[in-house]
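These notes are about the structure you will find just below.
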Protein chains: 4
Amino acid sequence: MSFKYSAILGFMGQLTDRFSVYHEPRSLEEKVALASKIEGLAGLEPVYPFDFEGMSYDGYRQLLARYNLQVSSVNVNIKAEAKFQRGALTSIDPGIRAEAVRYIQQGMDWAAELGASCVTVCPLSDGHDYPFEIDYRQAWRWLVDGIGEAAAYRPEVRLAVEYKQSEPRAKVIVPNAGIVLLLCEQVGLDNVGITIDTGHALYALEAPAQSITLAADAGRLYLIHINDNYRNWDWDLMPGLVNYWDWLETIFALQQAGYDGWLVSDVFPARTDPVETLSASYRAIRYAEQFLETFGPERLRSLIQQREVIRLFDELQRHMMGKTSAEPAA
Amino acid sequence: MSFKYSAILGFMGQLTDRFSVYHEPRSLEEKVALASKIEGLAGLEPVYPFDFEGMSYDGYRQLLARYNLQVSSVNVNIKAEAKFQRGALTSIDPGIRAEAVRYIQQGMDWAAELGASCVTVCPLSDGHDYPFEIDYRQAWRWLVDGIGEAAAYRPEVRLAVEYKQSEPRAKVIVPNAGIVLLLCEQVGLDNVGITIDTGHALYALEAPAQSITLAADAGRLYLIHINDNYRNWDWDLMPGLVNYWDWLETIFALQQAGYDGWLVSDVFPARTDPVETLSASYRAIRYAEQFLETFGPERLRSLIQQREVIRLFDELQRHMMGKTSAEPAA
Amino acid sequence: MSFKYSAILGFMGQLTDRFSVYHEPRSLEEKVALASKIEGLAGLEPVYPFDFEGMSYDGYRQLLARYNLQVSSVNVNIKAEAKFQRGALTSIDPGIRAEAVRYIQQGMDWAAELGASCVTVCPLSDGHDYPFEIDYRQAWRWLVDGIGEAAAYRPEVRLAVEYKQSEPRAKVIVPNAGIVLLLCEQVGLDNVGITIDTGHALYALEAPAQSITLAADAGRLYLIHINDNYRNWDWDLMPGLVNYWDWLETIFALQQAGYDGWLVSDVFPARTDPVETLSASYRAIRYAEQFLETFGPERLRSLIQQREVIRLFDELQRHMMGKTSAEPAA
Amino acid sequence: MSFKYSAILGFMGQLTDRFSVYHEPRSLEEKVALASKIEGLAGLEPVYPFDFEGMSYDGYRQLLARYNLQVSSVNVNIKAEAKFQRGALTSIDPGIRAEAVRYIQQGMDWAAELGASCVTVCPLSDGHDYPFEIDYRQAWRWLVDGIGEAAAYRPEVRLAVEYKQSEPRAKVIVPNAGIVLLLCEQVGLDNVGITIDTGHALYALEAPAQSITLAADAGRLYLIHINDNYRNWDWDLMPGLVNYWDWLETIFALQQAGYDGWLVSDVFPARTDPVETLSASYRAIRYAEQFLETFGPERLRSLIQQREVIRLFDELQRHMMGKTSAEPAA
């Protein structure tokens, strides 16, 4: 497999939603230890600041070495804490805006020290809940400025912006791939790019494979988060268990784009066992790779380029049944 | 295969949408002749009144015999014509309401004469576009009364009501399975039931398999229309080509419910060849049946009843790869 | 005003979502004391078991008397605790199913003792996240049986089932009004009805006014929860601040249906002050009532029955501008 | 009023959807004559090529003069005809791609000759219906090249690209505002911009006011189409009759952005009278302007900038009731 598999570290600990608390709280080392049991896992995406509290660079490197794990990416959280809940990069309080920039910069320091591919930031408290709630022009300018200021701090560290339609804000300021790629153009720095969460793409009514291709072509595809949903909310389900063809197409698009970075699980194991859930997510990657390999990437590419969608799905379904394309349909 | 395959006859002719006209117009016999070339097709669902104009019962039977096709069901259209566009069974004009009932009754006559399993009616002009547009109480009562009056006309002919969220009305009066099954209870006749269009179920945010099971248990499952979409509109795509697992689960639910009736294609072949498209839709049924048969229905049922969703999807994906469940994951 | 205003008590305490914690934890009395500051508030909807722990019937009555508040309804929570997270009334564990029934019965005892209009239960952990996850037939039968067994316990106490598309389950077993009204028919008891949450209706793509009318006509409209959203998720925003016309139509439908029960705020004050937010929700009721009263209910009803939607919206907008309908447009 | 009101000319003629035909066919002059009866109408948006067939520049100017109407914009249709149905700017046939470019260029000639503000093109057949249907990279490059080639033809004529999630394609290649603004950057010409259809913005889950602001700030806001919907489909309803606050906010955003161009009605009058429907759409603009003017734009702006959403909606609702903000709530 050309992809490296990672997981957001927070999902190894206690989880909450609006109604429930799931699993027990765990310390940093307990979470890392638990993660190390996930099938195929090579990396972790720890969340700044929560997964770094009280740690030194050296201590972190030793912790990772102990479990034979890398840091794929540092997830900078500028939404959870009370100070950020009504806006971080676009808060009307300049002190909060500066604090959000500082968080990203500190995350970049950690990323550099731990050899991570990038920091990823999903500004989910930046947005609005009601009509007439914010000054859109002002908010957008603060966003462009804040991302620019953060990224300029360390040009050698990549800063990936992750989009999502909503949650917890009813309307998040970066809802889809187009908006983030536009933001990258407006910021105008070489180390600003995009994290594509496959579930956020589905939720934004995109074809994930299309957003991946667009971002890769623009030279901005920094990181991939994987999960699945019903296109109406960020359910964070195991990849491919709802939208099987989209999942297959996603893996194919990543291969065609030459992406050889991390696939970070952003599956929310609330009602299933965390290690089992994230192991199954890993196997979903492997099954898809195996399907594509046995089907033949060139054969698939050729059918797509001819836009022979009926024949293509016939061949995909026959392949599933273990039949070669030469055999007649049953 | 235990299902019989049919297709809505109108899709063999000229199609329109808001922007385009697709394919050539065809006469009734031309449409039947074209349909007869569809792989696996055993029946037709002609639309009343358009596909019956100028025909006698005998003439229709001869036409069908000529092409070795049955009538699976008669689709009564109470929405297309100008008189029905602002409401049919719930029009504020009592003459229009009576006309809509008459249409259904005439469709029932045709169904009885042609040996069809049922008439199906989807009251798509009954509903509203704007808030404050209709008196909901009045409209619902007219609906209950109209369906009741139509059904009482021939107790030996089954009348299936098909639900759909919208189109062309922004809000249709029967948007989901629950509403139609409630309507059946309120009408209180033994020959009133439901047509479940798998795409309409997805569009109503249902699991089609769940709606099928609920309807079958209530003794009201009369007819199935098949197609697929992105859960946000009635795209009428080929079944299983968007939501593969839902499609597999749908076929499984029909088998478990002992449904041995018609699967009527409601795929809209606008940008693809009609015969190829509907042949592919037939093969999608066969591929799903084959998948389920080789996987083993009892094995599947047992995994579901234990709610072992991770193991279940592992086994489904391994089955696709041609591996037995005993083999270790790659 | 003919409606009585209440609020779910939990919203006076600490709130969480998947990413954040909002506000401070508060004791029962602190929550009641805080609620008593809400403008127009006459009642509370406490959550069983959390808002009843350690309390006696007498103690509760005294607490309420101290703050001059009634209990509008008892909200029985069969989803939050670990035991219920994978299903309550439809758990595959018969002990859990029995426990869920017991919770509802104990809530009914509290409702009877405190003079509440009903218990309301929203079975949000009953449903599924993935295709092939549950046996739909079995789950539905358990639901019908469980609700029936609970309701039969005290025929003089009304049991209202609240529907919702999802959350935390991707698919909840009672997603819309039609399903709950069908459930009521299948249970077949006189004390089983429906809670309509206006936001859940919008989220189910219903017109809330239509669902209210349908439920009232069926004699099953027991309780109303109020809030607003963007029709794609249960955002629990202040009523009327997104969908103004729907809100006005909702109040009108309740008046026309002769509903004189409680309007319970189900607004989630995460990023706004709880007392201010719920006071504003109260004023939204009053503003709507005032709009309708000055416009004239008979005038509105007559325009609706004539289906004169253009004229009707002209008159509504002119009314907003303080103009009589006789004046020409500007 | 600072806006000029126009309407898409096609809506004055015969309309179709998937199920019905509405109204009579009308000749070009009959459509213009009918449009001239619409209240407040100053311009027309004719569709190229259909509304230009057999006309000379002079003949068109005389026709317009006869009815005292301008051409606001020329709507270039590269989707309706059979040749374009499987893709226009992104067809795999280079001849079709060239033809689509030619259409736009010919539309630009007409726009220049008739003094229109821009040509607008909504490439609705460019996209896909199924996973694996198109090569996303290739399609996007063809789109960038085609728009670039068209725009370069006459740098003095503005070319506005209109986005939309879907229809007739399940997935359109330009689904949202971000994608079009990114496209503008990638094309890199000064005369390429955006048409924002307020309904398409809602359907893309955007706040129309936010998209307007973003586009205006980027110097790319060329044209506005107005209508309303339920955020789940392009219903083309009268503006403000579903989402009142969004409508008010939209007009406010246009005023704040200094937009003084055309508001083109894209309301689909299928089940209502075309002249009445488009006159009501005009009045919806005037009502909103009047609301904002009497409320006070500065007062509104100040409340937004302080993010005082509760107070703001209180004042908006009080204003509707004809009360000054100094009065206590009822």
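Under the condition of being polar (S, T, N, Q) and under 19 Å from D:G148 (Cβ atoms), which residue from segment D:100-122 is surrounded by the most Cβ atoms within 10 Å (Cβ to Cβ)?
D:T120
Hey, does segment A:239-252 have a residue that's surrounded by fewer than 22 Cβ atoms within 10 Å (Cβ to Cβ), in contact with a helix residue (DSSP H, G or I) (Cβ under 7 Å, 6 or more places away or on another chain) and either more than 8 Å from every other protein chain (Cβ to nearest Cβ) or of a type in the set (S, T, N, Q) (or both)?
No; the residues of segment A:239-252 include none that is surrounded by fewer than 22 Cβ atoms within 10 Å (Cβ to Cβ), in contact with a helix residue (DSSP H, G or I) (Cβ under 7 Å, 6 or more places away or on another chain) and either more than 8 Å from every other protein chain (Cβ to nearest Cβ) or of a type in the set (S, T, N, Q) (or both).
Out of everything in segment D:279-299 that is free of Cβ contacts under 8 Å to residues at least 24 places away in the same chain and out of contact with any helix residue (DSSP H, G or I) (no Cβ under 8 Å at 6 or more places or on another chain), what residue ends up being surrounded by the fewest Cβ atoms within 10 Å (Cβ to Cβ)?
Filtering first and then ranking leaves D:E298.
What tally of residues in segment B:48-63 results from selecting those that are within 27 Å of B:I196 (Cβ to Cβ) and either surrounded by fewer than 18 Cβ atoms within 10 Å (Cβ to Cβ) or modelled with pLDDT under 95 (or both)?
Residues in segment B:48-63 being within 27 Å of B:I196 (Cβ to Cβ) and either surrounded by fewer than 18 Cβ atoms within 10 Å (Cβ to Cβ) or modelled with pLDDT under 95 (or both): 2 in total.
What tally of residues in segment D:188-244 results from selecting those that are among the hydroxyl-bearing types (S, T, Y) and within 19 Å of D:E289 (Cα to Cα)?
Result for segment D:188-244: 3.
Please work out which residue is farthest from the other protein chains (Cβ to nearest Cβ), limiting yourself to segment D:72-99 and to residues that are out of contact with any strand residue (DSSP E or B) (no Cβ under 6 Å at 6 or more places or on another chain), buried (at least 16 other Cβ atoms within 10 Å of the Cβ) and not in a loop (DSSP other than H, G, I, E, B).
D:E99
In segment C:151-230, which helices (runs of 4 or more DSSP H) lie fully inside it and hold 1 or more residues that are surrounded by fewer than 24 Cβ atoms within 10 Å (Cβ to Cβ)?
Ranges flagged: C:177-187, C:208-217.
Does A:N176 qualify as being among the polar types (S, T, N, Q) and under 15 Å from D:P175 (Cα atoms)?
Yes: the conditions hold for A:N176.
Residue-wise test of (1) within 14 Å of chain D (Cβ to nearest Cβ); (2) over 15 Å from the mean Cα position of the chain (by Cα); (3) at pLDDT 95 or above.
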site	(1), (2), (3)
A:Y153	no, yes, yes
A:L189	no, yes, yes
A:L214	yes, yes, yes
A:L221	yes, no, yes
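Just one of (1) of a type outside the set (D, E); (2) more than 18 Å from D:A284 (Cβ to Cβ); (3) modelled with pLDDT of 95 or more trips up C:A326, so point out which.
Of the numbered conditions (1) of a type outside the set (D, E); (2) more than 18 Å from D:A284 (Cβ to Cβ); (3) modelled with pLDDT of 95 or more, the odd one out for C:A326 is (3).
Could you check how many residues of segment B:240-263 are more than 16 Å from B:S211 (Cβ to Cβ) and of a type in the set (V, I, T)?
Total satisfying the criteria: 1.
Check segment A:126-148 and report whether any residue there is within 20 Å of the chain's Cα centre (by Cα) and either farther than 30 Å from D:E315 by Cβ or at pLDDT below 95 (or both).
There is at least one residue in segment A:126-148 that is within 20 Å of the chain's Cα centre (by Cα) and either farther than 30 Å from D:E315 by Cβ or at pLDDT below 95 (or both).
Could you check segment C:8-42 and list, in sequence order, the residues that are in contact with a Gly (Cβ under 9 Å, 6 or more places away or on another chain), assigned to a loop (DSSP other than H, G, I, E, B) and basic (K, R)?
Matches in segment C:8-42: C:R26 only.
Filtering segment C:7-23 down to residues that are without any contact (Cβ under 8 Å) to a residue 24 or more places away in the chain and within 21 Å of C:L63 (Cα to Cα), which residue is nearest to the chain's Cα centre (by Cα)?
Filtering segment C:7-23 for residues that are without any contact (Cβ under 8 Å) to a residue 24 or more places away in the chain and within 21 Å of C:L63 (Cα to Cα), the one nearest to the chain's Cα centre (by Cα) comes out as C:G13.
Can you tell me which residue in segment D:253-300 is nearest to B:F19 (Cα to Cα), limited to those that are β-branched (V, I, T) and assigned to a loop (DSSP other than H, G, I, E, B)?
D:V267
Any idea how many residues of segment D:100-144 are in contact with a helix residue (DSSP H, G or I) (Cβ under 7 Å, 6 or more places away or on another chain), part of a helix (DSSP H, G or I) and away from every other protein chain (no Cβ under 14 Å)?
7
Does B:G261 count as touching a strand residue (DSSP E or B) at 6+ places or on another chain (Cβ under 8 Å) and within 14 Å of chain C (Cβ to nearest Cβ)?
Criteria not met by B:G261.
Can you tell me which residue within segment D:12-39, out of those that are crowded, with 19+ Cβ neighbours inside 10 Å and under 23 Å from D:E289 (Cβ atoms), is nearest to the other protein chains (Cβ to nearest Cβ)?
D:I38
The values are calculated or read from the model by the stated rules, or taken from the named source; none is laboratory data. This is a predicted model, so every value here is computed, not measured. Cβ sites come from the backbone with ideal geometry, for glycine too, and all protein chains shown count toward neighbours.
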